[in-house]
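The structure under discussion appears below in the form of structure tokens.
The values are calculated or read from the model by the stated rules, or taken from the named source; none is laboratory data. Owing to the predicted nature of the structure, the values given are computational and were not obtained by experimental measurement. Every residue, glycine among them, receives a Cβ derived from its backbone with ideal geometry; neighbour counts consider all protein chains shown. For the accessible areas, the whole protein counts, side chains as well, though only heavy atoms, and no ligand, DNA or RNA atoms are used. Shrake-Rupley method; radii C 1.70, N 1.55, O 1.52, S 1.80 Å.
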Amino acid sequence: MARVEATRLTRLNLAAARQSHALHRFATAFLRHYEARKQARGWLDFDDLIQRTRTLLNDPQVAAWVLYRLDGGIDHILVDEAQDTSPAQWNVIERLAQEFTAGMGARADVARTIFVVGDKKQSIYSFQGADPREFDRMQAEFRARLAATNRPLQSSVLEYSFRSAHAVLALVDRTFEGREGAGFAPDQRHKAFFDAMPGRVDLWPVVEKSDKPEPRDWYDPVDMLGPDEPVSILARQVAEGIAAMIGSAHIPVKQGRSGDFALRPVHAGDILILVQRRSPLFHAIIRECKALGLPIAGADRLRIGGELAVRDVAALLRFLDLPEDDLSLATTLKSPLFGWNEQDLFTLAHGRKGFLWEALRADATHGETLAILDDLRRQADFLRPYELIERILTRHRGRQRLLERLGREAEDGIDALLAQALAYERAAVPSLTGFLVWLDSGEVEIKRQMESAGRQIRVMTVHGAKGLEAPIVILPDTAKRKLEVKDQLLTGDPGAVAQPSRRHPARDRPPDRGPKGARGGGTRAVALRRHDPGRGLADRRRRRRCRGG
């Protein structure tokens, strides 16, 4: 046992070395082929543009001439989003700006400037090689260079916030005390421009994971969130808290230029819910808000192909386009559009001779289903995709059946599918086959302009909400995420790349995790206002979803 323990680290190192060797063998063949394809077509990718520019400006044979020529045409350099600038990009900027501080240039009589704007707190770390530390290094570099000129470096800090109240800014400062690495310098505290503006921050209690989960039916999907999951409980609390605020709570509103504040009732448009990512909590909040009848704008980004209602309608369209597609017909029959159960489908499909559609036509026990499919098949060659979808949803009550099974949140996907059908008809010949190919050719994503949501609750990611504001902001996704980077390459000296091992001596055992779909560790919410959630909804309907065929 001791010898095995002593050898384990060597064995893991050997496995990592073999992975790195395989990676280099693959990269040698792949990069050669990739470069040949780019050269044959005269293409340059983004990294090529940066590296070739950097090489050109640092080549001793031509760099002096290139910089001399550029010196005659560059008066000002503006670097925006400087916190996301990579070291290679900074090197290009440094070379372009060196003539600014090199004494006599090509046009010494012209006042030239370099203007850099950035905020390390907003850095998208590792974005295109971004390194926020380069921001400080380059600032010191330009300060040293400009110290010898009559135009020293001017460093300005925007200390005042024109949006948030002092209570919110003070909480941010307290949260990031001692965390200079996140871009919060000790000498750069936030200041509220409207220091008299009232504000408050409420910290909601953590929703702990239940020790005894509620028993579930055997046919429930394994990734379906149960009502006792922390995500479901928190989403319900958020929705109930919003319902309690609307109409009963009041918020201060500034009155003209006098600086006075007046109170007005809270409406749905005052509330902005921000999450880290579009996780199950994101969709659970939208679902719970719709269950309470709250006006909500839905998801800020909607992937049409991932919506269950869209997939059900698309399966029916595929069958209408190709009746021999047994899988699409079986999926359609099991969907809410027809509501067959597992036994009905098995009885029809088992022991049949030929296609499933032929067996359905020969079966006299499903007359209503056959009548709907016959009507749609007769119209499929004559109606445009939008008209055919509308016929499914309206004439044959498809929308009503989908919403009864999937809930009101399915409306977003259905409406987006209709909008995409109209967009397709404006750009191409409106054929059913062409529409299905176009729909399957890429992941169609709808991005909504949430700043014009009106009096509706907005649910967005923190990144997507950049630039927006609201009187009441709820942060229900503040728990620390455990990020495990498993496929990132390790880089060392120039040209040295290694594949990290996924197994580590300190991580012998996998983490203690619940069943798939469970969220451990509890969930915490932060809101601007305190509320009394009251009692939960009684006799809530459990939405179940079983796919088959």
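Counting only protein chain heavy atoms and rolling a 1.4 Å probe, the accessible areas of His33, His267 rank, largest first, as His33, His267. Taking the Cα centre of segment 111-212 as reference, the dipole from Cβ charges on Lys and Arg (+1) and Asp and Glu (-1) amounts to some 300 debye.
If N is the number of residues in segment 153-244, what value comes out of its Cα radius of gyration divided by 2.2 N^0.38 Å?
Details: Rg = 21.0 Å, N = 92, 2.2 N^0.38 = 12.3 Å.
Rounded to two decimals, the normalised Rg is 1.71.
Here the peptides 129-135, 342-348, 21-27 are ranked by packing, the mean other Cβ count within 10 Å, and the order with the highest first is 129-135, 342-348, 21-27. Annotation: peptides 46-52, 326-332, ranked by per-residue average of other Cβ atoms within 10 Å with the highest first, follow the order 326-332, 46-52. Ordering His33, Leu9, Leu44 by the projection of their Cα atoms onto the charge dipole of segment 1-48, which places +1 on the Cβ of Lys and Arg and -1 on the Cβ of Asp and Glu, puts Leu9 at the extreme positive end. When each of the peptides 418-424, 158-164 is scored by how many other beta carbons lie within 10 Å of its residues on average, the order from highest to lowest is 418-424, 158-164. Accessible area per residue (1.4 Å probe, heavy atoms of protein chains only) ranks Ile246, Ile77, Ile472 as Ile246, Ile77, Ile472, with the largest value leading.
With one equal scatterer per alpha carbon and no solvent term, the Debye-computed log10 I(q)/I(0) for segment 207-310 at 0.20, 0.23 1/Å reads -1.14, -1.30. Dipole of segment 237-389 computed with +1 at Lys/Arg Cβ and -1 at Asp/Glu Cβ about the Cα centre; of Leu373, Phe338, Ala262, farthest Cα towards the positive end is Ala262. With each label modelled as a point 7 angstrom along the Cα→C-beta vector, the Ala29-Glu358 pair spans 4.6 nm. Residues Val4, Val238, Val206, Val462 ordered from highest to lowest accessible area at a 1.4 Å probe: Val4, Val462, Val206, Val238.
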